[in-house]
Amino acid sequence: MLRWMRGHNERNPHDPVQLAALPLRSLPPGGGLAEVERALADDTIRWYEGTRQKTVYWGGLTHTAVGNPRTVSSPDVQTHRNAGGYLRERFGDGYASIGLTFHHGTEYPVPPADFAEAMLGATDLPAYFLDLRAGRPAPVDAWLGAPARTRLVGPFYDAREDADHHLSGGSLAEWFDGVAHVREVTPVRALTDTARRG
């Protein structure tokens with residue numbers, strides 16, 4: 001993403017893409033996860049209203065999914081509305097929620113059979129995008145509309161207890177307008193000087 005942004009800005013110096021880290025200004029002292037979700041949404045809305053620029057809110061799917069409410073288990077269980085739910089309320093269809101999922105990786109096991117990633121990873125494709133707004137056969141529609149669980153990798157994730165860390169309380173069709181799925185993920189590595197320039 002950073003490489004794409006850099007290339008775009010070099011080609012379009014009069015129409016650059018900005019990257020902004022928004023501080024949680026709206027968060028009251030001692031606020032829990034429900035308050036964090038509200039603050040994430042409020043700060044994103046404030047940024048948009050102050051700039052009137054097209055905005056991409058980039059975060060974990062537990063934040064970006066349209067949850068009204070949704071449940072996170074990591075390992076404590078909490079059910080409440082999330083940032084994506086507030087953003088959909090504010091922007092309607094102007095808020096597109098894209099879920100970023102993966103099947104397995106160097107530090108992550110194959111997902112449990114009842115997780116959405118197990119079905120999404122059943123193909124041999126290394127990566128693909130699934131448009132959930134497009135028409136689809138009835139069996140696929142039924143699967144996308146059924147209650148789902150997706151892997152939740154956050155600050156308390158423990159690969160030894162992978163199945164205990166998940167998002168639930170909705171379906172893929174409710175949470176997302178599209179899913180970008182990668183079959184295998186690898187650890188983060190620093191950009192080299194060549195990659196930074198290229």
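The strands (runs of 3 or more DSSP E) found wholly in the range 27-136 and carrying at least 1 residues that are touching a Phe, Trp or Tyr at 6+ places or on another chain (Cβ under 7 Å) and open to solvent by 20 Å² or more (accessible area, probe 1.4 Å) occupy 98-105.
If the condition is being touching a Gly at 6+ places or on another chain (Cβ under 9 Å), among the charged types (D, E, K, R) and closer than 20 Å to A118 by Cβ, then the range 55-107 contributes only R70.
Counting the residues of the range 143-181 that are among the β-branched types (V, I, T) and open to solvent by 40 Å² or more (accessible area, probe 1.4 Å) gives 1. Whenever a residue of the range 133-158 is among the polar types (S, T, N, Q), its partners that are not in a helix (DSSP H, G or I), lying with C-beta atoms within less than 9 angstrom and at least six residues away or across chains, give the pairs T150/A65; T150/G99; T150/T101; T150/P111; T150/F115; T150/H166; T150/L167; T150/S168. Across the range 8-16, a minimum of one residue is classified as more than 17 Å from L172 (Cα to Cα), among the polar types (S, T, N, Q) and not in a loop (DSSP other than H, G, I, E, B).
The values are calculated or read from the model by the stated rules, or taken from the named source; none is laboratory data. Just so we're clear, the structure is a prediction, and the values are computed from it rather than from any experiment. Please note: Cβ atoms are built from the backbone with ideal geometry, for glycine as well, and neighbour counts cover all protein chains shown. To get the accessible areas, we keep the full protein, side chains included, count just its heavy atoms, and leave off ligands, DNA and RNA. Shrake-Rupley method; radii C 1.70, N 1.55, O 1.52, S 1.80 Å.
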